[in-house]
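Enquirer: What follows is a single structure, and I will ask about it in a moment.
The values are calculated or read from the model by the stated rules, or taken from the named source; none is laboratory data. In this text the structure is predicted, and so the values were computed from the model without any measurement. Here the Cβ positions follow ideal geometry from the backbone for every residue, glycine too, while neighbour counts run over all protein chains shown. When the accessible area is computed, the model is the full protein with side chains, heavy atoms only, and any ligands, DNA or RNA have been set aside. Shrake-Rupley method; radii C 1.70, N 1.55, O 1.52, S 1.80 Å.
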Amino acid sequence: MNLPDTMRGVVLTGHGGPEMLELRDNLPVPSPGPNDVIIRVGAAGVNNTDINTRTAWYSKGEADDADATWSGKPLEFPRVQGADVCGEIVAVGTDVAASRIGERVLIEPCIRFADGVEQSPPWYFGSECDGGFAQFTRVDTRQACVVKSNLTDIELASFPCSYSTAENMLTRANLQAGETILVTGASGGVGSATVQLARARGANVIAITSPAKMDTLIDLGAERTLPRDADLVAELSSGSIDVVVDLVAGSNWPTLLDVLRSGGRYAVAGAIGGPMVELDVRTLYLKDLSFFGCTVLEPEVFGNLVGCIERAELKPLVAEVFALKDIEAAQAAFGDKGYTGKIVLNVD
C-alpha cells in the first residue's frame with residue numbers, strides 16, 4: 001500500500017500528569033529501515049508501563065528523571081507510547097521479504113533489535129522507542145510475530161504485555177504441574193493472565209483479590225481466592241506455597257515469604273502496593289528461597305504465548321474499549337482498578 005505522509009497519534013510531551021498526553025493529526029508516518037516492518041495498528045492496550053513512564057515512576061532519583069524508563073535509557077520527547085499492539089504489516093524494509101506484507105501480527109514488547117542492532121539491555125516498546133498509540137508503527141521484523149486467530153484486534157491487543165510478563169515469571173520460576181502458586185494483584189491484566197497460564201501448566205492457583213472479583217478469578221481457573229487483607233499465614237499456613245508471583249509488594253510483603261515452602265520461588269514484576277519492603281535476610285537464606293526479578297523476557301516466552309493464543313488456551317479479558325482520542329479517560333479507568341483484565345484503545 002502507499003503509506004500516507006502523516007498519521008494520527010498520541011504523543012507524550014514530558015513527564016507528569018495526563019495533561020502531558022497530546023493528540024496530533026500531523027505525526028510523520030515512520031519509514032522502515034532495512035530490517036524493519038511498518039505496521040498499521042488495529043488496537044493497543046493500556047498498561048502500567050505507560051503510566052509509570054509518564055510519571056517518571058521508574059526513576060530512583062528524587063529530582064532527576066533522566067533514568068525514568070524501563071531500561072534506564074533517558075526518555076526522548078515527544079514519544080508515542082503503547083506497548084500492547086495488534087496490527088497488520090503494510091510495508092517492509094529492503095532486507096525483509098515482501099511476503100510479510102499483509103501478515104497479522106502481535107509485537108513483542110521486549111525490544112531486543114532496533115535500528116538494525118541488538119539492544120543491550122533491551123528496550124521497551126513505547127518507551128525507548130515509539131510504540132502503538134498511533135495509526136502506524138515501526139519495529140524490527142524479528143519483533144513482529146505472526147498470529148493466526150479468530151479473535152479481534154481488540155481482543156488480541158489484550159495479550160502482549162500482560163501475558164508475556166506473566167508467562168515470563170512462570171518460566172523464570174519454573175512452575176510445574178501439581179505445584180501450588182499464590183498470585184497477588186490477581187484481577188489486573190498481569191494477574192489474571194498469570195492465573196490462566198498457571199492453570200494451563202497444571203498448577204493449583206490461589207489468587208489474592210477484592211471480594212467483588214473473586215468469582216471471575218474462579219472462572220479463570222483459580223481454585224481458591226483470598227481478600228487483600230487476609231492473614232496469609234493463618235489462611236494458608238507457613239511453608240504451603242511452592243511459587244509466589246507478586247505484582248503488589250507493599251507493607252504485607254514479608255508474609256509472602258512466610259508462606260513459601262523451603263526451596264520456594266518468588267517472582268516479581270510489579271509493586272503497585274509500594275516498592276519499599278522489609279526483608280529479614282534470615283528468611284531468605286534459611287529457607288533456601290530463590291528470588292526472580294522479571295523484566296526482560298526469556299527468548300522463548302513470546303513465541304510460547306502466541307502458541308497458547310493460537311490453540312485457544314487463553315481467554316481474552318477486555319474490560320473496556322476506548323477510542324484513541326479518549327486515552328486520558330482510558331488511563332483514568334485503568335487507575336481506578338474497578339475491572340478485571342485489560343483496557344484497550346481502538347486505534348484503527
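Enquirer: Which residue pairs have Cβ atoms closer than 9 Å, lie 6 or more positions apart in sequence or on different chains, and pair a first residue in region 251-262 that is open to solvent by less than 50 Å² (accessible area, probe 1.4 Å) with a second residue that is aromatic (Phe, Trp, Tyr)?
Expert: Every condition considered, the pairs that remain are Leu256/Tyr266; Leu257/Tyr266; Leu260/Tyr266.
Enquirer: Quickly run through region 26-48 and pick out the residues that are open to solvent by less than 50 Å² (accessible area, probe 1.4 Å) and more than 22 Å from Asp140 (Cβ to Cβ).
Expert: Of everything in region 26-48, just one residue is open to solvent by less than 50 Å² (accessible area, probe 1.4 Å) and more than 22 Å from Asp140 (Cβ to Cβ), namely Val46.
Enquirer: Pairs please, first residue from region 130-143 and under 23 Å from Ala330 (Cβ atoms), second anywhere and open to solvent by less than 30 Å² (accessible area, probe 1.4 Å) and polar (S, T, N, Q), Cβ atoms under 6 Å, 6+ apart in sequence or on different chains.
Expert: Gly131/Gln81; Phe133/Gln81
Enquirer: Next question. What helices (runs of 4 or more DSSP H), lying completely within region 247-348, carry at least 1 residues that are under 19 Å from the mean Cα position of the chain (by Cα) and not basic (Lys, Arg)?
Expert: Filter on region 247-348 gives 301-310, 327-336.
Enquirer: Follow-up. Cβ contacts < 6 Å: first residue on the phi > 0 side of the Ramachandran plot, restricted to region 105-119; second residue open to solvent by 10 Å² or more (accessible area, probe 1.4 Å), any location; separation 6+ or different chain. Result?
Expert: Listed pairs, sorted by first residue: Gly116/Gly33; Gly116/Asn35.
Enquirer: Taking region 1-25, which residues are open to solvent by 50 Å² or more (accessible area, probe 1.4 Å), closer than 30 Å to Thr94 by Cβ and touching an Asp or Glu at 6+ places or on another chain (Cβ under 9 Å)?
Expert: Residues satisfying the conditions are Thr6, Arg8.
Enquirer: Scan region 209-229 residue by residue and report those that are in contact with a Pro (Cβ under 8 Å, 6 or more places away or on another chain), open to solvent by 20 Å² or more (accessible area, probe 1.4 Å) and in a strand (DSSP E or B).
Expert: Pro227
Enquirer: Just the residues that are open to solvent by 70 Å² or more (accessible area, probe 1.4 Å) and either under 20 Å from Phe159 (Cα atoms) or among the hydrophobic types (A, V, I, L, M, F, W, C) (or both), please, taken from region 280-294.
Expert: Correct list: Val281, Leu286, Phe291.
Enquirer: Here is a further query. When only residues in region 154-172 that are assigned to a helix (DSSP H, G or I) and small (Gly, Ala, Ser) count, which is farthest from Tyr124 (Cα to Cα)?
Expert: Here the residue is Ala166.
Enquirer: Can you pull out every residue in region 337-348 that is within 17 Å of Ala186 (Cβ to Cβ) and open to solvent by 60 Å² or more (accessible area, probe 1.4 Å)?
Expert: Within region 337-348, Lys337, Gly338 meet the criteria.
Enquirer: Please specify each residue of region 266-279 satisfying the condition of being of a type outside the set (Asp, Glu) and open to solvent by 30 Å² or more (accessible area, probe 1.4 Å).
Expert: Correct list: Val268, Ala269, Ile272, Gly273, Pro275, Met276, Val277, Leu279.
Enquirer: Report, by residue number, each residue of region 97-143 that is open to solvent by 30 Å² or more (accessible area, probe 1.4 Å), assigned to a loop (DSSP other than H, G, I, E, B) and touching a strand residue (DSSP E or B) at 6+ places or on another chain (Cβ under 7 Å).
Expert: Result: Ile101, Gly102, Glu103, Asp130, Gln135.
Enquirer: Among the residues of region 282-311, what is the count of those that are under 20 Å from Arg142 (Cβ atoms) and among the hydroxyl-bearing types (Ser, Thr, Tyr)?
Expert: So the answer is 1.
Enquirer: So, in region 230-239, how many residues would count as being touching a strand residue (DSSP E or B) at 6+ places or on another chain (Cβ under 9 Å) and not in a loop (DSSP other than H, G, I, E, B)?
Expert: Result for region 230-239: 3.
Enquirer: Going by what's in this entry, would Asp242 be described as open to solvent by 20 Å² or more (accessible area, probe 1.4 Å) and in a strand (DSSP E or B)?
Expert: In short, yes.
Enquirer: Six or more apart or on different chains, Cβ under 6 Å: which pairs go from a residue in region 172-189 that's touching a residue at least 12 places away in the same chain (Cβ under 8 Å) to one that's among the acidic types (Asp, Glu)? Could you list them?
Expert: Final answer for the pair search is Glu179/Asp242; Thr180/Asp242; Thr184/Asp246.
Enquirer: Sort through Ala319, Ala333 and tell me the only one that's surrounded by 13 or more Cβ atoms within 10 Å (Cβ to Cβ), out of contact with any helix residue (DSSP H, G or I) (no Cβ under 9 Å at 6 or more places or on another chain) and free of Cβ contacts under 8 Å to residues at least 60 places away in the same chain.
Expert: Unique residue meeting the criteria: Ala333.
Enquirer: I would also like to ask the following. Here are the criteria: (1) open to solvent by less than 10 Å² (accessible area, probe 1.4 Å); (2) at pLDDT below 95. Tell me which single one Ala203 does not satisfy.
Expert: If we test Ala203 against (1) open to solvent by less than 10 Å² (accessible area, probe 1.4 Å); (2) at pLDDT below 95, just (2) comes out false.
Enquirer: I would also like to ask the following. For Leu151, only one of the following conditions fails: (1) in a helix (DSSP H, G or I); (2) closer than 24 Å to Asn346 by Cα; (3) open to solvent by 30 Å² or more (accessible area, probe 1.4 Å). What is its number?
Expert: Here Leu151 meets the rest and fails (1).
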